[in-house]
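Working notes for the structure below.
What follows is calculated from the coordinates using simple rules that are stated; it is not laboratory data. All values derive from a computational prediction rather than experimental measurement. Ideal geometry is used to build each Cβ from the backbone, glycine not excepted, and the neighbour counts take in all protein chains shown.
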Amino acid sequence: MASVIKRINDYNAGIPPALFELKWRALRESPFGFYRGTCHLFAEDFNKLYKYKPKVKSWICGDLHFENFGSYKGENGLVYFDLNDFDESILASPEPEVCRFLTSIIVAAGQMKIAGIGLHKTLHDIMAAYAATLQAGKALMLEEEVAHGEFKKYFEQVNSFDQQSFIAKRTYKEKGALLLKPDNVHFMSLDNSRKSAIYKGITSLLDNNERFRHLIFQDAAFRIAGTGSLGRERYCVLCYSKKKGKHYMIDVKESRQSCYSNQIKVKQPHFKSEAERINNVAYMMQFNSPAFMASVNIDDKWFMVRELQRVSDKMTLADFGTDFSSFSAVAKQMAVLMAYAHIRSSGHMGSSTADELKQFARKKQWQKDIIELSGELAKKNIKYYREYVKVE
């Protein structure tokens, strides 16, 4: 069997040297950081250990761990908290999605030094919340007006964000022009030819959107973000609207094949590109789509194009410290959001109906199996992390 180092190297072959170092540093930070950045290991191991034959089909985001939920501003101008990363999305069944999330809870609990009865109860509570929501068969949303506990604090924080102040922190002035800061933390510099290619690629997209029509391009930079997606081409474009007197940031992210593509034996619908797949699945699974979402081809590569919003934020493990009680409460609500997304996308493009998902949720054996498998995969993650840190 190939070593975990070889599996990681093979999957990340071709990453530019500067990004190679950034990604490897991110994977070394913690077992959870390693888990975030190696969804391909999870996909391979899940398929090998579970060997399931999907009884129902569901759209899944594919990489649903604790830190892949977050906020964004929808088309109606309201802020939502929901699933928000669909790079690995695929038509499968709910089991890998639920297992990916539960495994992340176990890995996080390990960093919090939590084990035993407390963790066992949390896992079963999360599974129960997910199954009960599927059985209810109605997809709702997490509303700011009735949010409480950690979510209430989260929404209050997000609402205090200011887009123009956010842009000011990421830019600097040179000879009167506003430019993106190439600090090697958020952005890396680009040569002018690449900037021109990006501008050319997204011009028609922006001109066809009433909100972004006639924007002036001021600068572009390579954007550093995420862990699993580190190594993909990703850019930030700084624009200015004379009409509105405002600056905007546009995120341009390379799309690639889902890491489950060679693992999940379910016939997939046809999409013209991986970017179209990602955007379409996000549209189906989220309660309300982000204000601007499109895809574009630049130099024979497909990219997802979205506005980079200041309200786009995530809950992280660091927000909870050692407060496992609050962490568990949030995780249970996330399980409900996961079920909402599966119900919302049911009956679309080959997925099972809501009634079929209800029947699936009543069965107990798969739930027990997934909880047990999550424990095994969490142990594998720790083993892989130790092997990786030792060698690298």
Q) Ordered by residue, what ³J(HN,Hα) values in Hz, to whole numbers, does segment 140-154 give under the Karplus form 6.51 cos²θ - 1.76 cosθ + 1.60, where θ = phi - 60° and Gly and Pro are x? A) 9, 8, 8, 8, 4, 5, 10, 5, 9, x, 5, 5, 4, 4, 5
Q. Long-range amide H contacts for Ser352: which residues qualify at under 5 Å (H placed 1.01 Å from N, peptide plane, sequence gap of 5 or more or a different chain)?
A. Lys57, Ser58, Gly347
Q | Rounded Å value of the spacing that divides the Cα centres of segment 141-203 and segment 310-367 | A | 27 Å
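Stretched out fully, how many nm does the piece from Glu387 to Ser193 gain, at 0.36 nm a residue minus the Cα gap? The partial results should precede the final answer.
Numbers: separation 194, 0.36 × 194 = 69.84 nm, distance 4.09 nm.
Gain on extension, Glu387 to Ser193, equals 65.7 nm.
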**Q.** Neighbour-count order for Asp219, Asp313, Asp87, fewest beta carbons within 10 angstrom listed first
**A.** Asp313, Asp219, Asp87
Q | Contour excess over end-to-end distance, with Cα ends at Lys200 and Gln218 and 0.36 nm allotted per residue | A | 5.2 nm
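What's the exposure ranking of His40, His120, going from fewest to most Cβ atoms within 10 Å? Mind dumping the intermediate values first?
Details: His40 21, His120 12.
Going from sparsest to densest Cβ surroundings: His120, His40.
Rounded if a/c is under 1.5, else prolate if a/b is larger than b/c, else oblate: which is segment 334-392, with a ≥ b ≥ c the root eigenvalues of its Cα gyration tensor?
Prolate shape, in that a/c is at least 1.5 and a/b is the bigger ratio.
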**Q.** Those aspartates and glutamates that a straight Cα-Cα span of less than 13 Å connects to Lys363, excepting residues fewer than 8 apart in one chain
**A.** Glu95
